[in-house]
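The values are calculated or read from the model by the stated rules, or taken from the named source; none is laboratory data. Only a predicted model underlies this, so the values are computations on that prediction, with no experimental measurement involved. Heads up, the Cβs are rebuilt from the backbone with ideal geometry, glycines too, and the neighbour counts pull from every protein chain shown.
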Amino acid sequence: MVAEHVAAPGWHQVSAASDHALAGLARREVGQSVRLIVETGPRGRTGALRFQLFLRSREVGLTTEPFIAGSVDLDPLPGTPWIEVTRYRSRLPLANGEQVEIPEGIGLQVLEALAGLLPEGGSLIVEYDSPAFAITAEALAAGVPPAATPLGGMLFVAGCGSAIRHAATTSRSGRRALQGFRFAPETTREQGRGLAMLAELERFLSSSSELDWQVQSQTRPIAEATITALRARHAVPEGPLPPP
């Protein structure tokens, strides 16, 4: 029998049946028999709502520490709505005392769920100083475009690939982060962003042969897949790109 989740003092579990802004995440299935438990806590100094996501699996039980922690501000005024993941953990303790490694596929589904809360143009910010994103950190330090890194690829697939860049500041936890913007309907600005990303990725593929092999093996396939998706999205045929 899976243990019941008990929120820490100052935190409150969100019900899927409530009208809470994060209710769509509560009990959401993000893997085979794996569902989310959502907690919200005190608001930060900027007024953003703090949240934590735990995992409950019918097979292995309940995580006793959050898989993801962050903050969210979906108010359209005065700026663009955003969600920030300030801590992402890929290895977690269970209620039975064991440790479990969280598959990347579950992480992607969680990021997709978070992205789904954002309006068009909103941004999802995810820190990459956690061990889960060690290759992303190494690749960025080597000059790989954000969209070609493992985390950048996850942001793109999650629906926040209109533009992917280094966050303007480090995350609120003091960690480095990437920021992906939610896809919007095709406009001149949206196409311009897509073509700029496409050109950057094409340049990367043509100049990445000097990189460490481990970095190449983890980033070139992401760049190739993203190029294919961008060409389809913006109706760009194979061959040289149109002039900017």
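Of note:
- Criterion: among the β-branched types (Val, Ile, Thr), in contact with a strand residue (DSSP E or B) (Cβ under 6 Å, 6 or more places away or on another chain) and within 21 Å of Ile125 (Cβ to Cβ) - qualifying residue of Thr64, Thr86: Thr86
- The condition of being of a type in the set (D, E, K, R), surrounded by 14 or more Cβ atoms within 10 Å (Cβ to Cβ) and at pLDDT below 95 holds for only one of Arg175, Arg182, Arg189, that being Arg175.
- Hey, Pro9 in a loop (DSSP other than H, G, I, E, B) and closer than 22 Å to Met154 by Cβ or not: no
- Search result, residues across region 132-164 that are in contact (Cβ under 8 Å) with a residue 40 or more places away in the chain, touching a Leu at 6+ places or on another chain (Cβ under 9 Å) and not in a helix (DSSP H, G or I): Ala142, Val144, Pro145, Thr149, Ala158, Gly159, Cys160, Gly161
- Criterion applied to Ala229, Ala199 was being under 21 Å from the mean Cα position of the chain (by Cα) and among the aliphatic types (A, V, I, L, M), and the one residue passing it is Ala229.
- Within region 109-131, the set of residues being surrounded by 21 or more Cβ atoms within 10 Å (Cβ to Cβ) and either assigned to a helix (DSSP H, G or I) or within 9 Å of the chain's Cα centre (by Cα) (or both) comprises Val110, Leu111, Leu114, Ala115, Leu124, Ile125, Val126, Glu127.
Conditions (1) polar (S, T, N, Q); (2) over 20 Å from the mean Cα position of the chain (by Cα), marked per residue:
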position: Ala16; (1), (2): no, yes
position: Arg28; (1), (2): no, no
position: Leu36; (1), (2): no, no
position: Thr46; (1), (2): yes, yes
position: Thr64; (1), (2): yes, yes
position: Pro81; (1), (2): no, no
position: Glu84; (1), (2): no, no
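- Meets criteria (surrounded by fewer than 17 Cβ atoms within 10 Å (Cβ to Cβ) and among the hydroxyl-bearing types (Ser, Thr, Tyr)) for Thr149: no
- When each of Glu59, Glu39 is tested for being modelled with pLDDT under 95 and closer than 27 Å to Glu104 by Cα, the lone residue that passes is Glu59.
- Test: Ile164 is at pLDDT 95 or above and under 27 Å from Val60 (Cα atoms): no
- The single condition among (1) surrounded by 12 or more Cβ atoms within 10 Å (Cβ to Cβ); (2) under 26 Å from Asn96 (Cβ atoms); (3) without any contact (Cβ under 8 Å) to a residue 40 or more places away in the chain that Thr40 does not meet is (2).
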